[in-house]
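Have a look at the structure below before the remarks.
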Amino acid sequence: MLSTAIDKYIYISSVKSFNESVTQLKYSEVETTTDINKIKHPVFREMLKQYGLSGLEMNSTSDIPAGTGLGSSSTFAVGLSNVLNTRLGRTVSSEELAHDACRMEMEVLREPIGKQDQYAAAYGGLNFIEFEKDGSVSVEPVRMTDEAKSKLNDRLFMLYLGGTRSASAILKNHGKNVTSGDAEMNQLKMCDLARDLRTYLEDGNLDAMGEVLDKGWKLKRTLSTGITNPDIDRVYEEITSKGAIGGKLLGAGGNGFMLFYADEKTRSEIMESACDHAWTPFRFDPKGSRIIYNDEVL
């Protein structure tokens with residue numbers, strides 16, 4: 001797969017509780033407990049247990065809503081691993097952070113997800129990522145000049161469709177279909193498209209991004225009935241009819257954000273003429289999960 005990190009972040013802070021027997025968590029809810037086994041938030045609970053930590057006040061906020069296709073759940077798991085390792089005085093690699101988050105989500109919590117979001121969040125940057133049959137993962141930067149990356153960024157634009165959805169529910173249905181018939185073949189075609197796109201971008205053919213997005217979206221929508229719906233199809237038709245070369249719904253499907261590609265002039269014209277849409281500006285982020293401030297270690 002080919003993916004990039006963007007400047008939409010999840011922020012996780014951690015301080016010692018004044019009362020060392022109390023653990024308090026603040027996210028979309030507030031939890032206060034003296035027993036971490038009773039924590040409702042599954043990733044907080046299992047990671048605190050894994051690292052043997054309690055007596056903390058932890059706060060999580062996000063630039064974007066959860067369940068909108070930008071990988072926020074896996075980004076949270078990567079960030080939390082980074083914070084807890086740092087509290088224990090450990091400096092861990094991007095590979096270790098991604099592996100830890102994958103193990104937590106896929107093995108401990110049994111979420112029916114892949115590894116792509118964890119690796120994108122841990123490594124940052126624009127990368128070609130391959131997932132091998134033996135479970136190993138290779139991450140290679142796409143070789144482009146800074147000028148070419150900036151121009152590519154300027155030609156991509158994203159809108160928020162509104163609402164959230166359960167990626168797990170869609171992916172469970174996807175998992176039932178993906179190893180049979182056309183779905184399996186189409187997923188293999190999507191892998192080939194990612195390889196082709198890497199070559200195109202490294203050769204300076206930026207417009208290939210729009211063409212591959214369009215082909216990939218047409219293939220992806222065949223994988224599961226929950227990926228698209230008439231409203232999503234209507235938006236896609238509207239934006240491509242105005243000149244976008246291609247696009248796709250981000251994440252598992254059903255709702256969230258859509259990404260499109262057009263040259264800079266057409267992009268501006270589309271955003272101006274379709275000003276009723278919730279356009280969301282973004283820039284590529286060259287870095288992955290990182291600690292921005294640390295003044296104490298347990």
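The values are calculated or read from the model by the stated rules, or taken from the named source; none is laboratory data. These numbers were taken from a predicted model, which means no experiment stands behind them. Cβ sites come from the backbone with ideal geometry, for glycine too, and all protein chains shown count toward neighbours. Side chains included, ligands, DNA and RNA excluded: accessible areas come from the protein's heavy atoms. Shrake-Rupley method; radii C 1.70, N 1.55, O 1.52, S 1.80 Å.
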Original post:
Which condition number in (1) farther than 18 Å from residue 248 by Cα; (2) touching a strand residue (DSSP E or B) at 6+ places or on another chain (Cβ under 6 Å) is the one that residue 155 fails?
Top reply: (1)
**OP:** Could you grab me the full set of residues in segment 263-287 that are within 25 Å of the chain's Cα centre (by Cα) and either closer than 21 Å to residue 219 by Cβ or polar (S, T, N, Q) (or both)?
**Re:** 280
Original post:
Do you know which residues across segment 271-290 are closer than 20 Å to residue 73 by Cα and among the aromatic types (Phe, Trp, Tyr)?
Top reply: 282, 284
Subject >> Long-range neighbours under 8 Å by Cβ, at least six apart or interchain, first residue over 17 Å from residue 294 (Cβ atoms) within segment 85-104, second in a loop (DSSP other than H, G, I, E, B) and aliphatic (A, V, I, L, M) >> reply: 100/92
Subject >> Residues located in segment 19-34, provided they are open to solvent by 50 Å² or more (accessible area, probe 1.4 Å) and of a type outside the set (Ser, Thr, Tyr) >> reply: 19, 20, 26, 29, 30
**OP:** Could you list, in sequence order, all residues of segment 211-246 that are under 18 Å from residue 263 (Cβ atoms) and within 21 Å of the chain's Cα centre (by Cα)?
**Re:** 212, 213, 214, 246
Subject >> Residue, nearest to residue 209 (Cα to Cα), within segment 229-249, restricted to residues that are in contact (Cβ under 8 Å) with a residue 24 or more places away in the chain and open to solvent by 30 Å² or more (accessible area, probe 1.4 Å) >> reply: 245
**OP:** Within segment 187-203, identify whether any single residue is over 21 Å from the mean Cα position of the chain (by Cα), farther than 19 Å from residue 259 by Cα, assigned to a helix (DSSP H, G or I) and basic (Lys, Arg), and answer yes or no.
**Re:** yes
**OP:** Scan segment 35-61 for residues that are open to solvent by less than 20 Å² (accessible area, probe 1.4 Å) and of a type in the set (A, V, I, L, M, F, W, C) and jot them down.
**Re:** 39, 43, 44, 47, 48, 53, 56, 58
**OP:** Could you check residue 268 against (1) open to solvent by 30 Å² or more (accessible area, probe 1.4 Å); (2) over 23 Å from residue 8 (Cα atoms); (3) of a type outside the set (Val, Ile, Thr) and say which number it fails?
**Re:** (2)
Original post:
How about segment 265-294: which of its residues are polar (S, T, N, Q) and part of a loop (DSSP other than H, G, I, E, B)?
Top reply: 280, 289, 294
Original post:
Name the residues in segment 150-161 that are basic (Lys, Arg) and open to solvent by less than 60 Å² (accessible area, probe 1.4 Å), would you?
Top reply: 155
Original post:
Which one of these does residue 71 not meet: (1) surrounded by 17 or more Cβ atoms within 10 Å (Cβ to Cβ); (2) at pLDDT below 95; (3) on the phi < 0 side of the Ramachandran plot?
Top reply: (3)
Original post:
If residue 130 satisfies every condition in (1) within 23 Å of residue 260 (Cβ to Cβ); (2) part of a strand (DSSP E or B) but one, which is the exception?
Top reply: (1)
